[in-house]
Amino acid sequence: MEMLTVQGGAPLRGDVYVDGAKNAALPIMAASILLNGDVRINRVPDLVDVQTMSLLLQSLGATVRHSDDILQIDTRRINLHHADYELVCRMRASVCVLGPLLARFGRASVSLPGGCNIGHRPIDLHLKGLAALGADLRIERGYVIAEATQLQGADIFLGGPGGSTVTGTCNVMTAACLAKGRTAIRAAACEPEVVDLARFLNAAGARISGPGTSIIEIDGVDELTSVSHTVVPDRIEAATFAIAATATRGSISIHNAQPEHMTSVLDALRAIGATISVTPNQIDISTAGPLNGVELAALPFPGIPTDTQAQFMALLATVPGVSVVTDRVFPDRFMHVSELLRMGARIRREGASVVIDGGSQLTGTRVMASDLRASAALVIAALAANGESQIRRTYHLDRGYTQLDQKLNGLGAKVLRREDNSPSPGGPHYLQKDSTVRNTSEQSFD
Ligand code: EPU
């Protein structure tokens, strides 16, 4: 296992380039199952999650090649409809193959993803949407078995208690492409990654209108054809750099970004006191003046993404004044709080919110990453801290950030990656807060 050693205190300065969005690339890769032909996807980040989705597609019979940032998939030989637990439990986005397999082959058997570090994550809305399209669904031995001779277009309300569902919208929208007639998805997720998937599918011959709004309409077609597509820039990666620059009181230019997808994040950073200017593909951010605490809530797009909530919390711990952070998408996504406390942050949970008594000088220490965005928050806290931090379980970070350590070093940070030889707590099995023993290799990740 690897860990990161971070020497804190250096303001980030310089230029950084953002990769393609993980959360767009994964559903697009899964949707390629709908096609019987060649798929070329450009600007695909080199991430562990992309490798996991590639393995999943290969396990179904596809040929996948990833060279530089181009991913080529030949879907002609897909002949299995079974997504095994061993792959699905590594990454929840694997569930995105359910709709495409069902639509192309009339049958799919996909493992239920299981527990998750960022809170309760059901897939009931995915199943509700596919059932509305006429699928016969049952759960057998931990697997969703879906069958349909011919999916039929339907009017589907896909909202739930947490609002819209991103991968649920992707699953249902993709399946509806080959359904007979018209489908309307109401309370559809508006995230840019859903829009990117719709662009990919339309380029392959689908007839989708309204992506990016809460009503998506899909007119079914008989088949989709070979396609080439370029993935949208990763707004979460760009936001992570912007937050890190503010936390270190630095000044950076973020290139290949799409600021129009980040208005809520940039608005919050301005409210905190950062100075920001944007062009269509670039964000310049600096922090000349004093910073102050704010109240912010993570919401579905165009609100502040839950995937930046942890990073904002690390920043706000360093900012004078009281801040309040609420996550309305994943109300229990606060695993990072206890590690930030170990670095000297003054944070307390109050119901569904976290109150931060900001302005503490964080100090470097050994901390443990619990999930992808929590890891990014710990890196930001470590960059702003006095002294050295060691961040263990770096593999979480590698699931969603391409060479984050190297990119940060290019901005003047001092981040070293090395083998973590210290014994992990309790070995591969460790004791959870609720005193149940879980095997790290069996956890299902964001
Ligand atoms: N929900 C339901 N029922 C469902 C599905 C979702 O109640 O069937 C609830 C969830 O419990 C949550 C809310 O709806 O309260 C939103 O969940 P959503 O389904 O939108 O999440 P997701 O599609 O599983 C994607 C991203 C996550 C990101 C969320 C929210 C991918 C591969 N994953 O997950 O990304 O946090 O949307 O924006 O796109 C990450 O990248 O670190 C990450 C966790």
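The values are calculated or read from the model by the stated rules, or taken from the named source; none is laboratory data. Nothing here was measured: the structure is a model prediction, and the numbers come from that model. Positions of Cβ are generated from backbone atoms using ideal geometry, with glycine treated the same way; all protein chains shown enter the neighbour counts. In case anyone asks, the SASA skips ligands and DNA or RNA and just uses the protein heavy atoms, side chains included. Shrake-Rupley method; radii C 1.70, N 1.55, O 1.52, S 1.80 Å.
Quick test for you: out of Val97, Val16, Val39, pick the one residue that is in contact with a strand residue (DSSP E or B) (Cβ under 8 Å, 6 or more places away or on another chain), outside any loop (DSSP other than H, G, I, E, B) and either modelled with pLDDT under 95 or within 16 Å of the ligand (Cβ to nearest atom) (or both).
The unique qualifying residue is Val97.
Would you be able to tell me the number of residues in the stretch 323-333 that are within 14 Å of the ligand (Cβ to nearest atom) and open to solvent by 20 Å² or more (accessible area, probe 1.4 Å)?
Residues that pass the stated criteria total 5.
Just need a number here: residues in the stretch 346-394 that are in contact (Cβ under 8 Å) with a residue 60 or more places away in the chain and surrounded by fewer than 16 Cβ atoms within 10 Å (Cβ to Cβ).
Of the residues in the stretch 346-394, 2 are in contact (Cβ under 8 Å) with a residue 60 or more places away in the chain and surrounded by fewer than 16 Cβ atoms within 10 Å (Cβ to Cβ).
Can you tell which of Ile118, Ile41, Ile78, Ile123 is β-branched (Val, Ile, Thr) and over 20 Å from the mean Cα position of the chain (by Cα)?
Checking each option against the conditions leaves just Ile78.
Just the residues that are surrounded by fewer than 16 Cβ atoms within 10 Å (Cβ to Cβ), part of a loop (DSSP other than H, G, I, E, B) and of a type outside the set (Ser, Thr, Tyr), please, taken from the stretch 140-150.
Those that are surrounded by fewer than 16 Cβ atoms within 10 Å (Cβ to Cβ), part of a loop (DSSP other than H, G, I, E, B) and of a type outside the set (Ser, Thr, Tyr): Arg141, Gly142, Gln150.
Here is a list: Leu102, Leu87, Leu137, Leu130. Which entry is touching a helix residue (DSSP H, G or I) at 6+ places or on another chain (Cβ under 8 Å), within 13 Å of the ligand (Cβ to nearest atom) and in a helix (DSSP H, G or I)?
Of the residues listed, the single one that is touching a helix residue (DSSP H, G or I) at 6+ places or on another chain (Cβ under 8 Å), within 13 Å of the ligand (Cβ to nearest atom) and in a helix (DSSP H, G or I) is Leu130.
Restricting to the stretch 209-239, name every residue that is crowded, with 24+ Cβ neighbours inside 10 Å and within 16 Å of the ligand (Cβ to nearest atom).
Pro211, Ile216, Val231, Pro233, Asp234, Arg235, Ile236, Glu237, Ala238, Ala239, listed by residue number.
Tell me which residues, restricted to the stretch 295-317, are open to solvent by less than 20 Å² (accessible area, probe 1.4 Å) and more than 16 Å from the ligand (Cβ to nearest atom).
Within the stretch 295-317, Leu315, Leu316, Ala317 qualify.
With (1) away from the ligand (no atom under 13 Å from the Cβ); (2) assigned to a loop (DSSP other than H, G, I, E, B); (3) surrounded by 22 or more Cβ atoms within 10 Å (Cβ to Cβ) as the list, and Ala108 as the residue in question, which single condition is left unmet?
All conditions are met except number (2).
Tell me the residue from Ala188, Ala146, Ala179, Ala184 that is over 23 Å from Cys89 (Cβ atoms), touching a Ser or Thr at 6+ places or on another chain (Cβ under 9 Å), small (Gly, Ala, Ser) and at pLDDT 95 or above, please.
Of Ala188, Ala146, Ala179, Ala184, the one residue that is over 23 Å from Cys89 (Cβ atoms), touching a Ser or Thr at 6+ places or on another chain (Cβ under 9 Å), small (Gly, Ala, Ser) and at pLDDT 95 or above is Ala188.
I'm checking my understanding of the structure. Among residues of the stretch 159-176 that are polar (S, T, N, Q) and open to solvent by 30 Å² or more (accessible area, probe 1.4 Å), which one is nearest to the ligand (Cβ to nearest atom)?
So the residue we want is Thr167.
Is there any pair with a first residue in the stretch 150-171 that is touching a residue at least 60 places away in the same chain (Cβ under 8 Å) and a second that is open to solvent by 30 Å² or more (accessible area, probe 1.4 Å) and within 9 Å of the ligand (Cβ to nearest atom) whose Cβ atoms are under 7 Å apart and which are 6 or more apart or on different chains, and what are they?
As it stands, the answer is Gly162/Val329; Gly163/Pro300; Gly163/Val329; Ser164/Pro300, since those pairs meet every condition given.
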